[in-house]
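*Asks:* This is the structure I want to talk about, given as structure tokens.
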Amino acid sequence: MKMTNLTDKTIIITGANSGIGKAAAIQLARLGATVIMACRSAERGAQALEDVRKTANSERVELLRVDMASQASVRDFVAEFSSRHPRLDVLIHNAANFDHSQTKPVLTEDGVETVFATNHVNIFLMTQLLLDTLKASAPSRIITVASQGLMTYPFLDIEFDNLNGQKKFSMQHAYYHAKQAQVMFTFDLAERLKGTGVTVNCVRVGNVAIPDERLTHLPKFLLKLYEMKRKFALTPEKMAETYTWLSTDPALETVTGGYWDAPDKPAKANKNACNLETQQRLWDVTEQLIRK
Ligand SMILES: NC(=O)c1ccc[n+]([C@@H]2O[C@H](COP(=O)([O-])OP(=O)(O)OC[C@H]3O[C@@H](n4cnc5c(N)ncnc54)[C@H](OP(=O)(O)O)[C@@H]3O)[C@@H](O)[C@H]2O)c1
């Protein structure tokens with residue numbers, strides 16, 4: 001990875017208290033960036049903040065609370081961020097809900113199914129609220145996160161009649177459905193932002209080891225599955241190098257609308273993700289799911 005000095009850069013990473021997000025926070029803080037760790041839990045966030053500061057040997061790391069399942073929390077986060085920081089160079093939408101203990105659809109306080117809210121709608125909202133700052137800080141970058149697991153759903157499309165899991169729900173399906181929405185959002189937003197100096201790229205995260213302590217609530221068969229997957233998994237640190245590359249490489253300053261596998265290889269999205277009509281409809285429907 002080409003080393004870049006990031007001392008004048010401000011970077012937000014959601015879900016930075018664990019896994020890939022935390023590893024990316026360390027890598028970017030080491031390069032001198034001001035890193036905002038956007039975390040749901042005050043306790044887990046504070047512990048991670050201490051680890052990141054110590055490991056990166058940097059004091060330019062801050063913790064700000066956000067619950068990506070709540071539109072009000074996203075709005076509060078952006079207000080707090082904006083009161084402290086005049087610029088934003090990179091926004092990394094890393095946080096995601098893949099809580100396999102959820103077996104039924106659960107609506108958020110905004111009336112949106114939790115997985116779709118956390119992994120798509122509120123990412124859209126946070127992006128919209130930060131867009132003026134990103135534009136004013138251009139060249140700047142937005143990074144979204146999808147999953148290689150989408151390859152096992154080659155025909156997956158947005159289910160406009162099942163956004164809240166009202167017709168059918170499984171955690172796995174809801175998760176990949178929201179990730180598919182993120183891929184479409186990336187392609188659509190990249191087109192809309194052409195000429196603004198703000199780029200948008202999506203990382204297709206593969207099999208990455210998840211820390212043991214995050215799996216304790218899972219049933220035995222899923223624990224076994226994760227144990228098996230771990231034998232072939234990348235470390236969060238290795239995967240985070242792709243986030244760091246997309247966040248920093250000067251050669252990518254104008255590269256937008258990309259979909260990337262680790263370490264730096266273009267990936268191909270499924271056909272439905274490239275459907276412009278569906279992208280537009282998803283955009284409109286997502287806007288409607290946001291409280292005014
Ligand atoms: N690991 C894999 O094999 C894999 C595969 C494909 C894609 N991915 C994607 O990679 C990204 C990072 O995952 P990871 O492997 O690093 O998992 P992880 O260690 O479990 O990290 C997930 C992060 O998201 C946060 N989060 C979840 N719900 C949130 C909410 N409502 N508000 C704010 N933060 C929330 C978690 O915070 P809490 O501590 O509060 O829960 C945690 O910090 C995710 O987008 C995931 O979908 C991972």
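FYI, it's all coordinate maths here, none of it is from the lab. Since we're looking at a predicted model, the values are computed, not measured. A quick note on method: Cβ atoms are made from the backbone with ideal geometry, for glycine too, and the neighbour counts reach across all protein chains shown.
*Asks:* List the pairs from LYS168/LYS220; LYS167/LYS231; LYS179/LYS292 whose alpha-carbon separation is above 30 Å, in the order I gave them.
*Replies:* Values: LYS168/LYS220 24 Å; LYS167/LYS231 36 Å; LYS179/LYS292 24 Å.
LYS167/LYS231, as the Cα separations exceed 30 Å there.
*Asks:* Under 15 Å from the Cβ of VAL203, count the other residues' Cβ atoms, weight Lys and Arg +1, Asp and Glu -1, and hand me the total. Can you show the working numbers first?
*Replies:* Details: positive: ARG141, LYS179, ARG204, LYS238, LYS265, LYS268; negative: GLU237, GLU241, ASP249, ASP261, ASP264.
Around VAL203, the charge tally is +1.
*Asks:* Oh, and also: List every residue whose amide H lies under 5 Å from the amide H of CYS202, counting only residues 5 or more places away in sequence or on a different chain, with H placed 1.01 Å from N in the peptide plane.
*Replies:* THR144, GLY258, TYR259, TRP260
*Asks:* Give me a comma-separated list of calculated 3J(HN,Hα) values for the range 233-247, in order, Karplus coefficients 6.51, -1.76, 1.60 applied at θ = phi - 60°, integers in Hz, x for any Gly or Pro.
*Replies:* 7, 6, 7, x, 4, 5, 5, 5, 4, 5, 4, 5, 4, 5, 7
*Asks:* Let me ask something else. At 0.692 mPa s and 37 °C, plugging the Kirkwood radius over alpha-carbon pairs of the chain into Stokes-Einstein gives what diffusion coefficient in µm²/s? Can you show the working numbers first?
*Replies:* Working: Rh = 19.1 Å.
In µm²/s, the coefficient rounds to 172.
*Asks:* Where does the charge balance sit around SER73 when Lys and Arg score +1, Asp and Glu -1, over other residues with C-beta under 14 Å from its C-beta? Can you show the working numbers first?
*Replies:* On the way: positive: ARG40, ARG65, ARG75, ARG291; negative: ASP67, ASP76, GLU80, GLU109, ASP110.
Combined, the nearby Lys, Arg, Asp and Glu give -1.
*Asks:* Please arrange SER41, SER83, SER147 by counting, for each residue, the other beta carbons lying within 10 Å of its beta carbon, fewest first. Mind showing how you got there, number by number?
*Replies:* Working: SER41 13, SER83 8, SER147 24.
Least to most surrounded, the residues fall as SER83, SER41, SER147.
*Asks:* OK, next. Among the chymotrypsin sites (Phe, Trp or Tyr not before Pro) within the range 144-206, which fall in a DSSP loop and have no more than 11 other Cβ atoms within 10 Å of their own Cβ?
*Replies:* PHE155, PHE160
*Asks:* Also: Taking the alpha-carbon centroid of each part, what is the distance from the range 122-157 to the range 187-265 in angstrom?
*Replies:* Centre-to-centre distance over Cα atoms comes out at 12 Å.
*Asks:* I've got another one for you. What does the net charge come to around ASP261 if you take all other residues with beta carbon closer than 11 Å to its beta carbon, with K and R at +1 and D and E at -1? Please list the in-between numbers first.
*Replies:* Details: positive: ARG204, LYS265, LYS268; negative: ASP264.
Value of the local net charge: +2.
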